[in-house]
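Note sheet for the following structure.
Each value in this text was obtained by applying a stated rule to the coordinates, not by laboratory testing. Here the structure is a predicted model, which is why all the values come from computation and not from measurement. So basically every Cβ, Gly included, is an ideal-geometry build from the backbone, and we count neighbours across all protein chains shown.
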């Protein structure tokens, strides 16, 4: 699982890579973030003739990528956003966006072209405003550009819950049929809680914030009972579980001192098992970026490090 380190930069561009399915009226579900600008590019190299590529190059709406031998490996063509497809013919590279739901729709081959069915051949670049109007990440110096990009990808994955292709192109991808597990690690800072709030908003779900340090018990079985109650309640409402102070479990590995003490391993293992069973979104927050707990790291779909 890749881990992202943070540095105090303020990017405003984010990128999403998705895949065409070759079907009529394909939709993509974008994060409902205020964008100053978005640009949609489709790699059409497999379906274009040399003459067609030359004509598109003359329109200055292409970006070419070459391999080490100098051969064209990607031929990105910029598509155009329209209000609706009423005036689109079958060859127009048009798409529409419903800003209320964040739904991007391509044509149906009668009104608007269909993107080729090919993994990773749709690229969307977003430019957001700064500050709260641009949706959190831009003014947060505790996150690197890579960290902000990951949070943006998390929002996108949430919008596509249940329809994310297993052969997609995100480096981090939810496991098929499982919930989404996110680790926000690093020193305590408001940005982590704010980021969890953004994730909840994109999911359109309530968020239960749980202070792990308050439910961890030194008595055998008590921590498991507390966790079981929390997950049971969350399951009934399909809420996001936000576990604050995860160090309370994962940051402590002390031996048993008496009959009432116990290794925290049982509590850790129980939490990991409940996370695996839970079909919703689980966010862990804490200064656990340097943990050697492989079970924790391997179960995370996303790991974002704050400074």
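Annotations
- Taking the average, over residues, of other Cβ atoms within 10 Å as the packing measure, peptides 239-245, 97-103, 229-235, 120-126 rank 239-245, 120-126, 229-235, 97-103 from highest down.
- Relative to the current alpha-carbon distance between residue 100 and residue 84, full extension at 0.36 nm per residue lengthens the span by 4.3 nm.
- Net length gained if the chain between residue 276 and residue 50 were fully extended (0.36 nm per residue, minus Cα distance): 76.4 nm
- Extension gain for the segment residue 72 to residue 219, taken as residue separation times 0.36 nm less the Cα-Cα distance, is 46.5 nm to one decimal.
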